[in-house]
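> Before we start, here is the structure in question, set down as structure tokens.
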């Protein structure tokens, strides 16, 4: 499956690059996740927050997904690691799903390498995007 172009806001790019520079991983367990996010950032098209399309997933966006295996729908929010809480549906951008979603649009299918193997999902809806709501500085 060819990788689609993704869009990242300038604010998100700045914060995510800082996160990767300062992330603590003394045993190297998170290295693959950091590299995945780094790869996504390296290929992204940079856009101003005011110019990002309202259907693009940015940091702190809440989305509804359809699992590629089970067709089950889930809701989640892509957040920075210190706000992550899987039980509350807040998925870290350093987690495989979080990194995979960032910059994609409603209607896109994303695939990612999870601990249990390759997974995929479809982005069904974007219920909240900070930039569209005027909350870009979250």
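Here, each number is a calculation from the coordinates, and none is a lab measurement. In this text, all values refer to a predicted model and were calculated from it rather than measured experimentally. Cβ placement follows ideal geometry from the backbone for every residue including glycine, while neighbour counts extend to all protein chains displayed.
> Under 20 Å from the 7 Å Cα→Cβ point of residue 66, by amide nitrogen: which residues of segment 119-133?
Residues 119-128 fall inside that zone.
> While we're on this one: How high is the relative contact order of the chain, given as a whole-number percent (alpha carbon pairs under 8 Å, six or more residues apart)? It would help to have the intermediate numbers written out before the result.
On the way: 242 pairs, mean separation 36.6, N = 138.
27 percent.
> Further question on the same structure: For the residue pair residue 74 and residue 112, what label-to-label distance in nm results when each label sits 7 Å from Cα along the Cα-to-beta-carbon direction?
Going from the residue 74 label point to the residue 112 one covers 0.9 nm.
> If you take all C-alpha pairs in segment 59-138, what percent of them are over 17 Å apart?
Working: 1335 of 3160 pairs.
Counting every Cα pair in segment 59-138, those more than 17 Å apart make up 42 percent.
> If the chain between residue 105 and residue 43 were fully stretched, how many nm would it gain, using 0.36 nm times the residue separation less the Cα-Cα distance?
20.8 nm
> Pull up the DSSP beta bridges for segment 7-133 and report the antiparallel fraction as a percent, rounded to 5.
On the way: 19 of 25 bridges.
Once the DSSP bridges in segment 7-133 are tallied, antiparallel ones form about 75 percent.
> While we're on this one: Helix-only estimate, please: 222 nm mean residue ellipticity of the chain, summing -39500 (n - 2.57) across DSSP H runs of length 4 or more and dividing by its residues, to the nearest 500.
Numbers: 4 runs with 36 residues, N = 138.
Estimated from H runs of four or more residues: -7500 deg cm²/dmol.
> Working out 0.36 nm times the residue gap between residue 133 and residue 10, then minus their Cα-Cα distance, what length gain in nm do you get to one decimal? Could the numbers behind the result be given before it?
On the way: separation 123, 0.36 × 123 = 44.28 nm, distance 1.68 nm.
Net length gain for the segment: 42.6 nm.
> Put a dot 7 Å past each Cα toward the Cβ at residue 34 and residue 86; how far apart are the dots in nm?
Between residue 86 and residue 34, the simple spin-label model gives 2.1 nm.
> Rounded to two decimals, what is the ratio between the C-alpha radius of gyration of the chain and 2.2 N^0.38 Å?
Values: Rg = 14.0 Å, N = 138, 2.2 N^0.38 = 14.3 Å.
Dividing the Cα Rg of the chain by 2.2 N^0.38 Å gives 0.98.
> While we're on this one: Gaussian network model of the chain, Cα springs within a sub-10 Å range: biggest mean-square fluctuation belongs to which of 83, 111, 92?
With Cα springs under 10 Å in the chain, the top fluctuation among 83, 111, 92 is at 83.
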